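The values are calculated or read from the model by the stated rules, or taken from the named source; none is laboratory data. Remember, it's a predicted structure, so these values are computed and weren't measured experimentally. A quick note on method: Cβ atoms are made from the backbone with ideal geometry, for glycine too, and the neighbour counts reach across all protein chains shown. When the accessible area is computed, the model is the full protein with side chains, heavy atoms only, and any ligands, DNA or RNA have been set aside. Shrake-Rupley method; radii C 1.70, N 1.55, O 1.52, S 1.80 Å.
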Amino acid sequence: MLRSLVGSEMCIRDSLIAATLTPSSSPEATRVTSDYLLGRNAAAMTGDILVDGALVAQSYGGNSTAALQLLNTEKLMTASAGTVLNTPIGDPMTATGMGAVIDPFELRPRLYGSYRRDVIYVSPTYDQELHALANLAVSRKVSIAVLSALDDGEQVGAMLTRSMHTFGQEGGGHRSVSTIAEGLTSQGDVGIAILHGIATATDITAIATYLARTSSGVVAIPIAHLDAWYREIVAAVSDDAQRDRIVFATSLPNWAGPSSDGSNGATMQSYFTHVSATNRTPGTLRGFMTHQLLTQITGRIPNQKTPTEFLQMLYGASVVVMDTGLVVGPYFDTACSTSASGSCDMNIGARLIRVRSIAASMTDAVTGNASGVDAASIALDSGRIRYNGLPTSDKTASTIIVVVAVVGSVLLLAGVVAVVIVCCCTGRSNRTAPKDESDAFTIAFTDIQSSTNLWAEAPEAMAPALDHHHAIIRKLCSKYSGYEVKTIGDAFMIAFRDAHDAVELAYDLQFAFFEDKSWSPQIDHAYLEMDHRSTKDMKPEEKAMYSIALSQEDYSRVWNGLRVRVGVHTGFGEIKKDPVSH
């Protein structure tokens, strides 16, 4: 029992820096913790984790929050990392004194809920997973719903519907079943079913049976279930084509083994060195990465560090980037705001979330899977999801979760005066348009690089490309609550009430254009021809700054299709209604 920690045998009273707690009555919790500790211990073997205290694993019975409060009260814990929660974390404002809870495991998937200062997430929350899976369904043009054997299926289905609506599609919802196994017997061979409530080995067998009898249906496994049942799922489903139809949303890199081209960073090479192939699971990698991240954030942790001081170090660390592509933070030491834009700052770290299949996670390949899921990723900046309103029937759905924007190569200028013309015509809603001149607003301008020359070089390709360009920007405009003021040729002028929305659009726009596979090759050929003409009299070292200096392989890694520039300006200005459409 946990209380046995509080006694004379506990001789490291002031030097325990991270406790990993496990509910003693749960086999699933034991499996999760075992994998987590394997990863954590592998991280310690690298010699990178410099602590004066101890990393302790301890079983406990009863309520998770109470167990954490006990350790904190007895001054035995600076932070808990990887603790398995068998009960909800508790009310955010009243359940205090838990210390610093870093990336806890849930034994069942739960929606994020509300902000609390002492809980810090590194992995995606369930809300983020649902959002990424909704993005996959919309991009693949397939249906998606929650198959729920738990009592909160309706709320989870409503959150999925909200994400679908944000991406401009109706859908989502849930179907309640007594068990996942029972639900899969009647599941059709279509779309994506999110399995909310995997509880027994019978459910795992049912997944294998469903995939064997169908040819296109996809099952999505929440991370809470994947952590607990990964080994059992891999053992039950051995066919690669079927494994390719088991998907999940994660911020982790592939964990199966080193890439064939040697492109793994030092962190993953260390993981592969210290974790045997049979122990490479999402749980072991999560334990490894969490402790590597804590090392980067905190450096050498003094053994007298208090939970309050430890949290302050996390809040001061801002963004942490690892050589695996994993980016977390920044974290916020403030509660959720209730601004007109509906934004909230949450302690959620996952930024880039990719939907992967089990088949892809067991190889270094990231393309060519039958489900095509590995190309589906979503940038959630520092954990905030910007939901784009709700259908009328969903106005009372769960708490909005949103994240801070990452500024790429976007220019953000304060104090720029702009005029927004608020259009009231029936073809375009002015719901999102700035209306109060006393509030700062933001304008984004987009422009296609060298569009005049592109029309001269590739006129046949430019007509459909321009239509597609408009469609991409208008979809993002809707997603990020922008108001399209006007278009001038190929340029857009878009107004936002919130500067975060504008920067998020600019950031997402670059990925949307680059990752689109429908651009005509004539577009890139025209850009290269322009570079050839403009650099013909330059010295070789001067040409190195242009795309013609790249090999075909390198070019395809950085350029694809139309090149769109974005300028973002924020400040106060005059707001007028359109005299024609008003």
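Per-residue HN-Hα couplings for region 432-442, Karplus 6.51 cos²θ - 1.76 cosθ + 1.60 at θ = phi - 60°, whole Hz, x for Gly and Pro?
Once rounded to whole Hz, the list reads 8, 6, x, 10, 10, 5, 7, 9, 5, 9, 10.
Counting pairs of alpha carbon atoms under 8 Å apart in space and at least six apart in sequence, what relative contact order in percent does region 147-297 give? Write out the running numbers ahead of the final one.
Values: 169 pairs, mean separation 25.9, N = 151.
Across region 147-297, relative contact order equals 17 percent.
Per residue of region 550-565, in order, report the coupling 6.51 cos²θ - 1.76 cosθ + 1.60 (Karplus, θ = phi - 60°) as ³J(HN,Hα) in whole Hz, putting x for Gly and Pro.
Going residue by residue, I get 8, 5, 4, 5, 5, 4, 5, 7, 10, 10, 6, x, 4, 9, 10, 9 Hz, with x marking Gly and Pro.
As a test of reading the structure, rank Thr295, Thr166, Thr308, Thr452 by solvent-accessible area (1.4 Å probe, protein chains only), most first.
Numbers: Thr295 30, Thr166 5, Thr308 90, Thr452 110 Å².
Accessible-area ranking of Thr295, Thr166, Thr308, Thr452, largest first: Thr452, Thr308, Thr295, Thr166.
First select every other residue whose beta carbon is under 11 angstrom from the beta carbon of Val138; then total the charges, Lys and Arg +1, Asp and Glu -1. Display every interim value, and only then the final one.
Numbers: positive: Arg140, Lys141, Lys475, Lys479; negative: Glu170.
Charge balance near Val138 sits at +3.
Determine the shape class of region 509-582: with a ≥ b ≥ c the square roots of the Cα gyration tensor eigenvalues, call it rounded for a/c under 1.5, and otherwise prolate if a/b is greater than b/c, oblate otherwise.
Details: a/c = 2.74, a/b = 2.02, b/c = 1.36.
It is prolate, given that a/c is not under 1.5 and a/b is the larger ratio.
Within the set of other residues whose C-beta is less than 14 Å from the C-beta of Asn453, count the net charge using Lys and Arg as +1 and Asp and Glu as -1. Walk me through the numbers before you get to the answer.
Working: positive: Arg533, Arg563; negative: Asp447, Glu457, Asp490, Asp524, Glu529, Asp531.
The answer is -4.
Could you state how much accessible area Ile144 has, in square angstrom rounded to the nearest 10, with a 1.4 Å probe and all protein chains kept in place?
10 Å²
Rg(Cα) of region 164-287 divided by 2.2 N^0.38 Å?
Taking the Cα Rg and dividing by 2.2 N^0.38 Å, one obtains 1.19.
Net charge near Tyr555, counting Lys/Arg +1 and Asp/Glu -1 over other residues with Cβ under 12 Å of its Cβ?
Values: positive: Arg557; negative: Asp524, Asp531, Glu553, Asp554.
With Lys, Arg at +1 and Asp, Glu at -1, the neighbours total -3.
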